[in-house]
Each structure stands twice: as C-alpha cells, then as structure tokens.
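Data first, discussion second: the structure below is written as structure tokens.
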Amino acid sequence: MGEPRRAVRRYRFVGDAAGGEERAVLALRVPEVLDPQYGMYAWPCAVVLAQYVWFHRRTLPGRRVLEIGAGVSLPGIVAAKCGAQVTLSDSEELPQCLEISQQSCLMNHLPHVPVVGITWGRISPELLSLAPVDIILGSDVFFDPKDFEDILTTVYFLLEKNPHAQFWTTYQVRSADWSIEALLYKWKLKSIHIPLHSFSADKEHLASSPLPSRHTIEMMIISLARSVGT
C-alpha cells in the first residue's frame, strides 16, 4: 500500500459592507491528506465555521481562541489571521492530526501559533495548563455519538474556568436522531442556534471552494447555563 495522497485546498474569504471593510480579502491554503483519518481533511462544517469567524473578524483582535479537534485548522487559522491569539488542539493520541495543524500554520505564515494535544474527556496536564480563553471553536466535532459526552465534558471544564467564554460549533445533520440536548442539560450548558443566512453561509459554495455543497450544516453557540443572579 502506497503513501496516502496529499493535496492543498485553497480558500478566499471576501468581506462586504455587513462585515466591515469593503472588499476585505483573506486567502488561505490548508494541507489535506486523502486518507480515512477524518481529522486530516477539510470537511464542510469547517468552511461554515470559518465563514462565521471571518464574518465577525472585527471583534477578534486580541481575543483568546482555542480550536478543539482542529485537524487542518481552517477556522483557527482564519481567527489567527484576523488578530486573535489562537491555540490549536487535537487528540494527543493522533500525532498525525497535530502535525497537519502545524503544517497549516506554517503554510499560512503563522509559525508561532501553538499546537497542543488535548484528548476529549481527559483532564490532562496540557488541558490544565491552557491559558484563559474567550472563544472555543469546534467544527464537526459532534460526529460520533460515542464522543459527545467526552466533548461536552471538556467544553464544560473550559467554560467553568472561563465563565464568559463561548463555544462556537458547526455540525452536519447526518441523522434525525442526532441530539445533545440531554447532555447539555446534564452539564448545565445552553445552546443558541445561529441561522446560516445571518453570516452569509447559506450557500452551496463558500470562500471560493465547492464546500459545503448540498450538505446540511447547522451552527450553534454553547455557553454556561447560569441562573439569573448567579
């Protein structure tokens, strides 16, 4: 069996009046490995989340952003290019995913963006030593139901340490039975649905790429469900 085929995918995000500067443009490249390893490919959810980050680019300078399950790291790379202080992370058990995150940084002239190993559901020294965060990013992390609680355990831990932070996440609708509502309630979290048209992502093609195509992508923001007065 030969080596997996490698490729480079290009994206071009263009601003409009709703996003601030007229005709602001951000061109990026990310490496891909055409391999069964999910985290080494840019999935449709990543482009939609990156579009949301780009749409809100004027709010990002100086904000502290952590991308979880980053893989090729498109949303995190956009955030870094827009002035955020970004940390990228993927499972410490998947060194090839950490390596492709580092390749994305180098390819986009971001050599100083840290890449750390964080495994969902595990309280590790790397997780404990993370700097404060304002925004957590995660695209298509809700892929396999067996991982849902581990993901939310990690998100809850981060939000407890950073009570004003938010988790921005996109997911692909693959099953009518897909739901994290019970887990959100268990972990004292709440979610807000973000319509794609509100950030110009309700299209089959985004950022000069063929994604998300006809896939059904949804976005939500998750935060702590604090009671009034607490």
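The values are calculated or read from the model by the stated rules, or taken from the named source; none is laboratory data. As the structure is a prediction and not an experimental result, all values here were calculated from the model. Cβ: placed from backbone, ideal geometry, glycine included. Neighbour counts: every protein chain shown. We work out accessible area using only protein heavy atoms, side chains counted, and drop any ligands, DNA or RNA first. Shrake-Rupley method; radii C 1.70, N 1.55, O 1.52, S 1.80 Å.
What to note about this one:
- Span from the the range 186-210 Cα centroid across to the the range 73-146 one, whole angstrom: 20
- Where Ile194, Ile135 fall by accessible area, highest first, once all protein chains stay in place (1.4 Å): Ile194, Ile135
- Pairs of Cα atoms farther than 31 Å apart, the chain, %: 16
- Charge dipole (debye, nearest 20) of the chain; +1 at Cβ of Lys and Arg, -1 at Cβ of Asp and Glu: 620
- Segment Val14..Asp147, full-extension length gain: 44.4 nm, with 0.36 nm per residue of separation and the alpha-carbon distance subtracted.
- Taking only the Cα atoms of the range 94-230, the ratio Rg/Rh comes out at 0.97, with Rh defined as the Kirkwood radius.
- Using θ = phi - 60° and Karplus 6.51 cos²θ - 1.76 cosθ + 1.60, couplings along the range 106-120 (whole Hz; Gly, Pro as x): 5, 5, 10, 6, 10, x, 9, 6, x, 10, 10, x, 10, 9, 4
- The range 134-215 - Rg and Dmax from Cα coordinates, angstrom: 14.2, 40
- Protein accessible area in the range 170-230, 1.4 Å probe - carbon and sulfur %: 54
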